[in-house]
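The values are calculated or read from the model by the stated rules, or taken from the named source; none is laboratory data. This is a predicted model, so every value here is computed, not measured. Every residue, glycine among them, receives a Cβ derived from its backbone with ideal geometry; neighbour counts consider all protein chains shown.
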């Protein structure tokens, strides 16, 4: 199924007023399928990034790429021939080194399909094939489906950000369980990827509001210090509320 962005937004906007409000104040979902995708490279990078913050992971990934200079794409045969010691020296853990080697081996034997083959496969077929690789779980493949292949109906119910964003959007005190979120998501078929995107954006908006409140209160404290007296608490509270 091809993504129809306008129809997707119409469906989500009509599903609930809170969803419509979230969409109105968020960066619009405009993901397009990658023009050229090499599953080996995309998954190798995902392995390197697992359980690390973005800056640290990027540093390690750049070191791994530097092991193969002047190569636009990674060659699974060369990766498989690289000693564990060299990969470990680049910053990969023992587990990630084993996962990368397994990914290379399964790319060579055809378990990991080519990018062209992926385009002809269903989401479930891709998940079943790629999760055979050591260290590649369902969530990692769902991110590939959503962000690289631009599939319209990916619903990552185990993703903390999606669960948190849903709870924030709809004023829920508790996060939905993956099973509950699976049932809830039926209303957004066949565009659940778009719903997931906006629940992630809900957390971005919350973080931005918190940063704004912090900056404003810092400025208030600076004014107090310069003036030599404390501003009334009611004024500070009003400023804080206006920033949220």
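Of the residues that make up segment 94-115, is at least one crowded, with 16+ Cβ neighbours inside 10 Å and more than 19 Å from residue 75 (Cα to Cα)? Reasoning before the result, please.
Of the residues in segment 94-115, the ones crowded, with 16+ Cβ neighbours inside 10 Å are 96-107, 112-113, 115.
Next, from what is left, pick out any that are more than 19 Å from residue 75 (Cα to Cα): none.
Within segment 94-115, not a single residue is crowded, with 16+ Cβ neighbours inside 10 Å and more than 19 Å from residue 75 (Cα to Cα).
Residues are listed down the side, and each one gets a yes or a no for (1) farther than 27 Å from residue 51 by Cα; (2) in the same structural domain as residue 45 (by TED's automatic domain parsing); (3) at pLDDT 95 or above:
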{"site": "134", "(1), (2), (3)": "no, yes, yes"}
{"site": "171", "(1), (2), (3)": "yes, no, yes"}
{"site": "183", "(1), (2), (3)": "yes, no, yes"}
{"site": "191", "(1), (2), (3)": "yes, no, yes"}
{"site": "199", "(1), (2), (3)": "no, no, yes"}
{"site": "211", "(1), (2), (3)": "no, no, no"}
{"site": "223", "(1), (2), (3)": "yes, no, no"}
{"site": "231", "(1), (2), (3)": "yes, no, no"}
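With segment 91-173 as the region, which helices (runs of 4 or more DSSP H) entirely inside it contain at least 1 residues that are over 30 Å from residue 203 (Cβ atoms)?
On the way: elements: 94-108, 115-119, 123-130, 138-143, 160-169.
Here the list reads 94-108, 115-119, 123-130.
Please verify whether segment 22-40 includes one or more residues that are over 30 Å from residue 205 (Cβ atoms), free of Cβ contacts under 8 Å to residues at least 60 places away in the same chain and over 24 Å from the mean Cα position of the chain (by Cα).
No, every residue in segment 22-40 fails to be over 30 Å from residue 205 (Cβ atoms), free of Cβ contacts under 8 Å to residues at least 60 places away in the same chain and over 24 Å from the mean Cα position of the chain (by Cα).
Take the residues of segment 47-57 that are touching a helix residue (DSSP H, G or I) at 6+ places or on another chain (Cβ under 8 Å) and part of a helix (DSSP H, G or I): which is farthest from residue 118 (Cα to Cα)? Explain how you work it out, then say what you get.
Restricting attention to segment 47-57, the residues satisfying the condition of being touching a helix residue (DSSP H, G or I) at 6+ places or on another chain (Cβ under 8 Å) are 47-50, 52, 57.
If we keep only those that are part of a helix (DSSP H, G or I) too, we end up with 47-49, 57.
Numbers: 47: 19, 48: 22, 49: 22, 57: 26 Å.
Selected residue: 57.
All but one of (1) surrounded by 12 or more Cβ atoms within 10 Å (Cβ to Cβ); (2) more than 20 Å from residue 117 (Cβ to Cβ) hold for residue 44; which doesn't?
(2)
It is to be established whether one or more residues within segment 71-90 are farther than 24 Å from residue 34 by Cβ, touching a residue at least 24 places away in the same chain (Cβ under 8 Å) and either surrounded by 16 or more Cβ atoms within 10 Å (Cβ to Cβ) or within 17 Å of the chain's Cα centre (by Cα) (or both).
yes
From the list 21, 34, 8, which residue is part of a helix (DSSP H, G or I) and surrounded by fewer than 18 Cβ atoms within 10 Å (Cβ to Cβ)?
That would be 21, the only listed residue that is part of a helix (DSSP H, G or I) and surrounded by fewer than 18 Cβ atoms within 10 Å (Cβ to Cβ).
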